[in-house]
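Here is the structure we will look at, set down as structure tokens.
Nothing in this text is a laboratory measurement; each read-out follows from the coordinates by a stated rule. Every value quoted in this text rests on a predicted model; they were computed, and no experiment measured them. Neighbour counts run over all protein chains shown; Cβ positions are idealised from the backbone, glycine included.
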Amino acid sequence: MNRFEGSGSREAKIRYLDGDYQILTSGAYVVCAMTGRPIPLDELRYWSVARQEAYVDAAASLEADKRAGALPVQAPQG
């Protein structure tokens, strides 16, 4: 059986807080805002409080920050 099948197969609704999150509607996973991949709640480590988005990993979080203009622009070195 797929890990997202069965009674716990629906997406959770979450409010992302600083260093924690609050489950608004129970579910087994959330969806990464950058990749669209499901993230099991016990594996959720990266999110944006400002954008209320979850990310599958640090790379997806970094790309979201770049896209949102949340990182300072660095001049090319050389």
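Could you compute the net charge surrounding Arg15? Neighbours are other residues with a C-beta less than 15 Å from the C-beta of Arg15; K and R count +1, D and E count -1.
Value of the local net charge: -2.
Please compute the modelled spin-label separation between Leu41 and Thr25, points set 7 Å along Cα→Cβ, answer in nm with one decimal.
Here the modelled spin labels are 1.4 nm apart.
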